[in-house]
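What follows is a short report on a single structure.
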Amino acid sequence: MSFYDEIMVPRLFDPWAELLLSQVKLRSGQAVLDVACGPGTVTRQAAHRVGESGRVTGCDLSPAMLDLARSKTSMAVSARIEYLQCPADSLGVPDDAFDLVTCQQGLQFFPDRPAALAEMRRALHHDGQLALSLWCAIQDCPPFAALANALGRVLGSETAIAYEAGPWGFSDAESLAQLVEESGFKNVTVRRFELPLVFEGGPAQLLLTLHAASVATTLAQLPEADLLALALAVEEAAGPITLDGVVRSHAASHIVIAQIE
Ligand SMILES: C[S@@+](CC[C@H](N)C(=O)[O-])C[C@H]1O[C@@H](n2cnc3c(N)ncnc32)[C@H](O)[C@@H]1O
């Protein structure tokens with residue numbers, strides 16, 4: 001969990017949370033629900049934007065992520081945040097209670113995506129907004145494509161495919177728009193955005209992000225020689241995006257904005 005929060009959140013998820021929230025109209029005093037809130041990345045920024053008179057709830061399936069979220073101090077001038085443990089397809093929140101529902105890099109992981117979207121719709125006011133983000137194809141996120149390449153070379157293609165199928169497993173914009181429309185949302189827009197992504201600690205720091213991925217359990221059981229081979233393969237695969245020991249690249253994500261009516 002610490003690899004996610006210490007390496008991924010400041011370099012990747014925090015800047016994307018800011019971009020996600022800049023795409024919606026959020027006023028002071030409003031109520032926000034952040035689904036799959038993880039360590040409270042969007043949740044805390046939303047609480048700051050709606051201010052002390054606002055109300056923010058973060059939901060996640062993982063108790064460890066929620067513990068991390070609860071351990072963080074609020075940003076200055078911030079709404080109170082309530083964190084709830086629940087699956088996205090059975091949100092423990094009332095009907096018609098929120099002005100905005102956000103879900104940053106969560107929907108691709110849900111086993112029942114239509115049920116999760118139905119729950120988000122249920123939680124929104126009639127004039128509420130939905131804001132989702134889901135990574136584009138892994139080739140549009142070159143540091144992670146380099147990791148997939150290295151995993152494939154050292155641990156085999158099945159491991160690489162499973163790695164890619166997680167975060168990058170729902171990257172088609174048309175299917176995404178169709179799913180959100182079929183879930184009853186209106187004015188659905190899906191736009192592609194790109195943000196810089198820098199690992200100043202170079203390929204070795206990029207490699208550490210694998211410990212925050214589903215492949216982490218495999219890595220924990222690998223002999224030293226395989227771990228060394230993986231580190232060398234990452235260095236080689238990330239060569240084209242490494243300059244003076246720093247990985248300098250970008251990541252691309254779809255952002256979906258939609259309304260209830
Ligand atoms: C990539 S993280 C994103 C977390 C957070 N939104 C952020 O921006 O840092 C994905 C999150 O989805 C959560 N998650 C996965 N499946 C879930 C489910 N079925 N219901 C609720 N949360 C889920 C995980 O526990 C994890 O916190």
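The values are calculated or read from the model by the stated rules, or taken from the named source; none is laboratory data. Quick caveat, the model's predicted, so the values are computed rather than measured. With ideal geometry, Cβ positions are generated from the backbone for all residues, glycine too; neighbour counts draw on all protein chains shown. With ligands, DNA and RNA removed, areas are computed over all heavy atoms of the protein, side chains included. Shrake-Rupley method; radii C 1.70, N 1.55, O 1.52, S 1.80 Å.
Values computed for the structure shown
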| quantity | calculated |
| --- | --- |
| Accessible area of the stretch 97-148 belonging to carbon and sulfur atoms, whole % at 1.4 Å probe | 55 percent |
| Solvent-accessible area, 1.4 Å probe, carbon plus sulfur percent, for the stretch 158-206 | 50 percent |
| Computed E for Leu208/Asn187 - FRET, C-beta separation, R0 41 angstrom, nearest 0.05 | 0.55 |
| Neighbour count of at most 15 Cβ within 10 Å plus DSSP loop: longest trypsin sites (Lys or Arg not before Pro)-free window in the chain | 73-261 |
| Accessible carbon and sulfur surface of the stretch 18-70 relative to its total accessible area, %, 1.4 Å | 47 percent |
| Per residue accessible area in Å² of the chain, where ligands, DNA and RNA are left out and the probe is 1.4 Å | 45 Å² |
| Per-residue [θ]222 nm for the chain (sum of -39500 (n - 2.57) over DSSP H runs n ≥ 4, rounded to 500) | -11000 deg cm²/dmol |
| Heavy atoms of Ile81: accessible area, 1.4 Å probe, square angstrom to 10 | 40 Å² |
| Rounded Å value of the spacing that divides the Cα centres of the stretch 177-250 and the stretch 24-40 | 26 Å |
| Burial ranking of peptide ranges 29-42, 208-221 (average Cβ count within 10 Å, highest at the top) | 29-42, 208-221 |
| Segment Lys72-Leu227, length gained on full extension (0.36 nm per residue, minus Cα span) | 52.5 nm |
| Volume per residue of the C-alpha convex hull in the chain, rounded to whole Å³ | 118 Å³ |
